[in-house]
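J.: The structure that follows is given in the form of structure tokens.
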Amino acid sequence: MKKLFIFLTFLISASAYAGDFTVSVPSAKSGMFTNAQVLNGFGCSGGNVSPEIIWQNPPEGTKSFALTIYDPDAPTGSGWWHWVITDIPADVRRIESGSVPKGAVESATDFGKPGYGGPCPPEGTNHRYIVTVTALKTGKLGISPFAGGAMAGFMINMNAIAKASAIIRYGR
């Protein structure tokens, strides 16, 4: 019972703090990606344009941000990285649709190259896409554009102050 109380206390404390730092994806209508964000390939015929992403109230001490879009439901055994951006300047609070902030670095996704790659789950499935903005304690992570999602994820997590996430869905 004591462990449950400690765990619940942690969750309540984490929720209260995490509620301040938020991320939203206005491009996603009713929590779903639109065809504009869907991949144009692998049997999908979307626009493959990155979504608009907005975040608010990052914690004090934030020196830069990282943004990732990750599909934990991909049938790979390890999920799928759709977008990885690091070194986003600390004064940025929005990424416009189809753009990347000046000075930011896009790293390789599971499509094998840097840049946004939209959702295209197998037919008959509906996947979750976790959009995460991480406040970082360093101004530059120094990640190569050729580094994969796992390397970027490691460096992001080692330098994280706080994270804000939104789950967007897409199915076909």
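J.: Go through region 80-96 and give me each residue that's surrounded by fewer than 15 Cβ atoms within 10 Å (Cβ to Cβ), under 15 Å from the mean Cα position of the chain (by Cα) and not basic (K, R).
T.: E96
J.: Quick one: would you say S45 is loosely packed, with under 15 Cβ neighbours inside 10 Å and at pLDDT below 95? Don't jump to the end; show me each part of the working.
T.: Working: loosely packed, with under 15 Cβ neighbours inside 10 Å: yes; at pLDDT below 95: no.
In short, no.
J.: Would you be able to tell me the number of residues in region 74-120 that are within 15 Å of I143 (Cα to Cα) and among the basic types (K, R)?
T.: Of all residues in region 74-120, those within 15 Å of I143 (Cα to Cα) come to 83-89, 103-109, 113-115.
With the extra rule that they be among the basic types (K, R), the set shrinks to 113.
The total comes to 1.
J.: OK, next. Residue pairs, Cβ under 9 Å, 6 or more apart or interchain, first in region 33-47 and under 17 Å from Y70 (Cα atoms), second open to solvent by 70 Å² or more (accessible area, probe 1.4 Å) and modelled with pLDDT of 95 or more. List them.
T.: Partner pairs satisfying both residue conditions: F33/R169; V38/S45; L39/S45.
J.: Right, next: Of these, A66, A74, which one is modelled with pLDDT of 95 or more, among the small types (G, A, S) and within 21 Å of P121 (Cα to Cα)?
T.: Numbers: A66 fails: within 21 Å of P121 (Cα to Cα).
Being modelled with pLDDT of 95 or more, among the small types (G, A, S) and within 21 Å of P121 (Cα to Cα) holds for just one of A66, A74, which is A74.
J.: Now, a different point. Which of (1) among the β-branched types (V, I, T); (2) over 11 Å from the mean Cα position of the chain (by Cα); (3) open to solvent by less than 20 Å² (accessible area, probe 1.4 Å) does V100 not meet, given it meets every other one?
T.: With respect to (1) among the β-branched types (V, I, T); (2) over 11 Å from the mean Cα position of the chain (by Cα); (3) open to solvent by less than 20 Å² (accessible area, probe 1.4 Å), V100 is out only on (3).
J.: In region 131-167, which residues are under 12 Å from the mean Cα position of the chain (by Cα), open to solvent by 10 Å² or more (accessible area, probe 1.4 Å) and under 20 Å from S78 (Cα atoms)?
T.: T132, G153, S165, A166, I167
J.: Can I ask one more? Name the pairs whose Cβ atoms lie under 9 Å apart, with the first residue in region 78-105 and among the basic types (K, R), the second assigned to a loop (DSSP other than H, G, I, E, B), and 6 or more positions between them or separate chains?
T.: R93/P58; R94/E52; R94/P101; K102/V92
J.: Additional query: Test of understanding: among T132, T138, which residue is assigned to a loop (DSSP other than H, G, I, E, B), closer than 22 Å to F154 by Cα and in contact (Cβ under 8 Å) with a residue 40 or more places away in the chain? Write out each step before concluding.
T.: Details: T132 fails: assigned to a loop (DSSP other than H, G, I, E, B).
None of the others qualify; the one that does is T138.
The values are calculated or read from the model by the stated rules, or taken from the named source; none is laboratory data. Given the structure is predicted, the values throughout are model-derived calculations rather than measurements. As a convention, Cβ positions derive from the backbone with ideal geometry for all residues, glycine included, and neighbour counts pool all protein chains shown. Areas reflect the complete protein model, heavy atoms only, side chains present, ligands, DNA and RNA absent. Shrake-Rupley method; radii C 1.70, N 1.55, O 1.52, S 1.80 Å.
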